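The values are calculated or read from the model by the stated rules, or taken from the named source; none is laboratory data. These figures come from a predicted structure and were not determined experimentally. Heads up, the Cβs are rebuilt from the backbone with ideal geometry, glycines too, and the neighbour counts pull from every protein chain shown.
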Amino acid sequence: MMGAGKTAVGKSLAAILNVPFLDSDEEIVKAANMSIAEIFERDGEAFFRQRETEVITRLLKEERGILSTGGGAFLSERNRKIIAETGYSLWLQADLDLLWSRVRHKNTRPLLQTDNPYETLKSIYKARVPAYEKARGCVSGHPDYSIEDMRDAVLEKLLSEPDLIKVTE
């Protein structure tokens, strides 16, 4: 979900693992030379989701590292399949109040540009949780966690998975 910490935690994790941090939304913005909000406005969500699948597929086939996808990417069965075949899906779970505290003052969330953004976020959350629950792993965030605390919890989860991370001296 937006506000769960995908970018901040992903960058921190990539840094300590010494692997690239990849962000599908960033790649789309670079390729289109416009913001996600502008893409949504000009071309619509369906167009954006098609580009998102193309970018995720390319990044997972070309790179090995930490990939942060947009909050809606995992809703697509096709994206979930691509991720399962080439990587490991991990849900950064956060409750609605925590997410709201992180996104309520940002105007960079096109899906929240509504008359009642809290209710919109709540609706999105309820609709998306069933898809997120299909992730291979889950780490729950807490309001008192720092980025490093969440990163460490994610790393612990990843290290508990057989053959996922190769530890070298």
From the options TYR118, TYR88, residue that is hydroxyl-bearing (Ser, Thr, Tyr), on the phi < 0 side of the Ramachandran plot and in a loop (DSSP other than H, G, I, E, B) = TYR88
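Does TRP100 qualify as being more than 30 Å from LEU60 (Cβ to Cβ) and surrounded by 14 or more Cβ atoms within 10 Å (Cβ to Cβ)? Can you show your working first?
Numbers: more than 30 Å from LEU60 (Cβ to Cβ): yes; surrounded by 14 or more Cβ atoms within 10 Å (Cβ to Cβ): yes.
So TRP100 passes the test.
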Starting from residues that are at pLDDT 95 or above, in contact with a Phe, Trp or Tyr (Cβ under 8 Å, 6 or more places away or on another chain) and not in a helix (DSSP H, G or I), keep the ones in the stretch 122-167 and report whichever is surrounded by the fewest Cβ atoms within 10 Å (Cβ to Cβ).
-> GLU133
Only one of (1) farther than 18 Å from ILE147 by Cβ; (2) under 14 Å from the mean Cα position of the chain (by Cα); (3) hydrophobic (A, V, I, L, M, F, W, C) fails for TRP91. Which number is that?
-> (1)
Note on the stretch 126-144: residues touching an Asp or Glu at 6+ places or on another chain (Cβ under 9 Å) and among the hydroxyl-bearing types (Ser, Thr, Tyr) are SER140
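So for the stretch 19-39 (the condition being in contact with a Lys or Arg (Cβ under 7 Å, 6 or more places away or on another chain) and loosely packed, with under 15 Cβ neighbours inside 10 Å), does at least one residue qualify?
We begin by selecting, within the stretch 19-39, every residue in contact with a Lys or Arg (Cβ under 7 Å, 6 or more places away or on another chain); these are 19, 21, 28.
Applying the additional criterion that residues be loosely packed, with under 15 Cβ neighbours inside 10 Å yields 19.
Yes, the conditions are met somewhere in the stretch 19-39.
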Among (1) surrounded by fewer than 17 Cβ atoms within 10 Å (Cβ to Cβ); (2) of a type in the set (D, E, K, R); (3) modelled with pLDDT of 95 or more, GLU63 falls short only on (3)
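Does ALA46 qualify as being of a type outside the set (Val, Ile, Thr) and surrounded by 14 or more Cβ atoms within 10 Å (Cβ to Cβ)?
Numbers: of a type outside the set (Val, Ile, Thr): yes; surrounded by 14 or more Cβ atoms within 10 Å (Cβ to Cβ): no.
It is false that ALA46 is of a type outside the set (Val, Ile, Thr) and surrounded by 14 or more Cβ atoms within 10 Å (Cβ to Cβ).
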Members of the stretch 2-48 found to be more than 29 Å from LYS126 (Cβ to Cβ), without any contact (Cβ under 8 Å) to a residue 60 or more places away in the chain, part of a helix (DSSP H, G or I) and of a type outside the set (Gly, Ala, Ser), listed by number | LYS30
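With respect to TRP91, is the statement that it is touching an Asp or Glu at 6+ places or on another chain (Cβ under 8 Å) and either aromatic (Phe, Trp, Tyr) or within 16 Å of GLY5 (Cβ to Cβ) (or both) true? Show your work before the answer.
Numbers: touching an Asp or Glu at 6+ places or on another chain (Cβ under 8 Å): yes; either aromatic (Phe, Trp, Tyr) or within 16 Å of GLY5 (Cβ to Cβ) (or both): yes.
Considered against the rule, which asks whether it is touching an Asp or Glu at 6+ places or on another chain (Cβ under 8 Å) and either aromatic (Phe, Trp, Tyr) or within 16 Å of GLY5 (Cβ to Cβ) (or both), TRP91 comes out as yes.
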State which residue is farthest from ALA4 (Cα to Cα) when the search covers only the stretch 63-85 and only residues that are part of a loop (DSSP other than H, G, I, E, B) and not basic (Lys, Arg).
-> GLU63
